[in-house]
1. Could you check, for the range 90-100, whether at least one of its residues is without any contact (Cβ under 8 Å) to a residue 40 or more places away in the chain, closer than 22 Å to residue 11 by Cβ and either buried (at least 22 other Cβ atoms within 10 Å of the Cβ) or more than 15 Å from the chain's Cα centre (by Cα) (or both)?
2. Provide a single number: the residues in the range 1-39 that are touching a residue at least 40 places away in the same chain (Cβ under 8 Å) and charged (D, E, K, R).
3. Please go through the range 226-245 and pick out each residue that is within 18 Å of residue 83 (Cβ to Cβ) and either surrounded by fewer than 16 Cβ atoms within 10 Å (Cβ to Cβ) or at pLDDT 75 or above (or both).
4. Quick one: residue 167 ticks every box in (1) modelled with pLDDT of 85 or more; (2) over 13 Å from residue 236 (Cβ atoms); (3) not charged (D, E, K, R) bar one, so which box is it?
5. Would a scan of the range 74-89 turn up a residue that is on the phi > 0 side of the Ramachandran plot, at pLDDT below 95 and among the aliphatic types (A, V, I, L, M)?
6. Just to be sure, is residue 20 surrounded by 17 or more Cβ atoms within 10 Å (Cβ to Cβ) and either under 19 Å from the mean Cα position of the chain (by Cα) or not acidic (Asp, Glu) (or both)?
7. Across the range 266-318, what is the total count of residues that are surrounded by 13 or more Cβ atoms within 10 Å (Cβ to Cβ), over 30 Å from residue 15 (Cβ atoms) and among the polar types (S, T, N, Q)?
Amino acid sequence: MHYQVPRLRFMILHKIAVTLWCSDVAMDMFRQFYHFPLSSRQEKAWIKVENEVIIKASNIKKECALKGNVYHKLVVAVKRVGLFIRNMKEYIYEGLYIPHNYPKILCWTPHGTIDTGKSIKIVLKDDRISIIRRYKLASVYCLEDDIRELWTKMSPACRKLFYDKNSKVLQNDLAIYWTYYIDGKIDLFEHRIQGSVNKYGLELAFIQGSKPAALYFLQKLNDAERYELFEKYFEYFGPVYAHALNARSEHYADLIYGLLIRMDEKQRLRVFELHAYIIFVYFVEYPFDQLLEMTLNEAKYCISDECKNALILKILSL
């Protein structure tokens, strides 16, 4: 399996969807949605926001004489891009706060997902977000320069949340790892967690759906360790873990794809054999549905009829 460049039509439709969500009207409605009382901030209210953007898409259909199937793909892109923007807001920003230029500040990958590493780097410049929150975000995405800069700005009281030589590590958080790392105390951290620091970091990266963190820790492992962890930690993409911890399933899909293209054929086939449904269920929706056929073709001799039937039912339910 190799990196697959998306089709031009997909990239154009995705770009249109992002542009529509970044219009003044859409951004204003997005803000209004978050000023509703929490009890009123239900799916009906969100659908109203979404429909306003779809109306703009229908105008493009008329102006450009888009065919029905192309317009349908544009509507799908609009809905999914809106969901990604909403999920990212709720992940990054606490409470009602939304910066004036959101979602324009977001960066996107060619495959239609938010480039979390680049986007978070921009977010970290916003002083209106608490320094503790920014430090945690920088840590989750392994932005070492930003981590060091934020640490120097943090008060002693805030620092104790992440590092206290007189207490044990109680949080499962990449911010804890980075605090010990930049202080040159990684050996002490390894002693306290009673295990491999890199395996610990990789596990948290998988749980939190952080592709930058996963790639950071993977390159620190030898081939044998990577092979072992590929098999074990794909379980963390399952619904018991991922959907309970984080609703941003698009980031798990992006991470899974990033891992698959870095494995050799033997590793991929073994992972498909063990975790086929967990992997492919992330590839049935936009934007990774374009990769489903390619990955299924490689895995066709590894997956059971039960898994195939479950995937068909999942696709039909969308």
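1. So far as the range 90-100 goes, no, none of its residues is without any contact (Cβ under 8 Å) to a residue 40 or more places away in the chain, closer than 22 Å to residue 11 by Cβ and either buried (at least 22 other Cβ atoms within 10 Å of the Cβ) or more than 15 Å from the chain's Cα centre (by Cα) (or both).
2. Step one: list which residues in the range 1-39 are touching a residue at least 40 places away in the same chain (Cβ under 8 Å), which gives 1-7, 9-11, 13-14, 16-18, 20-22, 27, 30-31, 34-35.
Still in the list and also charged (D, E, K, R): 7, 9, 31.
Final tally of qualifying residues: 3.
3. As a first pass, look at the range 226-245 and keep what is within 18 Å of residue 83 (Cβ to Cβ): 239, 242-243, 245.
Those that are within 18 Å of residue 83 (Cβ to Cβ) and either surrounded by fewer than 16 Cβ atoms within 10 Å (Cβ to Cβ) or at pLDDT 75 or above (or both): 239, 243, 245.
4. Condition (1) is where residue 167 drops out.
5. From the range 74-89, those on the phi > 0 side of the Ramachandran plot are none; that's our starting set.
No; the residues of the range 74-89 include none that is on the phi > 0 side of the Ramachandran plot, at pLDDT below 95 and among the aliphatic types (A, V, I, L, M).
6. Values: surrounded by 17 or more Cβ atoms within 10 Å (Cβ to Cβ): yes; either under 19 Å from the mean Cα position of the chain (by Cα) or not acidic (Asp, Glu) (or both): yes.
It is true that residue 20 is surrounded by 17 or more Cβ atoms within 10 Å (Cβ to Cβ) and either under 19 Å from the mean Cα position of the chain (by Cα) or not acidic (Asp, Glu) (or both).
7. Number satisfying all stated conditions: 1.
Okay, residues lined up against (1) buried (at least 18 other Cβ atoms within 10 Å of the Cβ); (2) of a type in the set (D, E, K, R); (3) more than 29 Å from residue 132 (Cα to Cα):
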{"site": "24", "(1), (2), (3)": "no, yes, yes"}
{"site": "30", "(1), (2), (3)": "yes, no, no"}
{"site": "44", "(1), (2), (3)": "no, yes, yes"}
{"site": "62", "(1), (2), (3)": "no, yes, yes"}
{"site": "76", "(1), (2), (3)": "no, no, yes"}
{"site": "88", "(1), (2), (3)": "yes, no, no"}
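The values are calculated or read from the model by the stated rules, or taken from the named source; none is laboratory data. Bear in mind that the values here come from a model prediction, so they are computed numbers and not experimental data. Quick reminder, even Gly has a Cβ in these numbers, built from the backbone with ideal geometry, and neighbours come from all protein chains shown.
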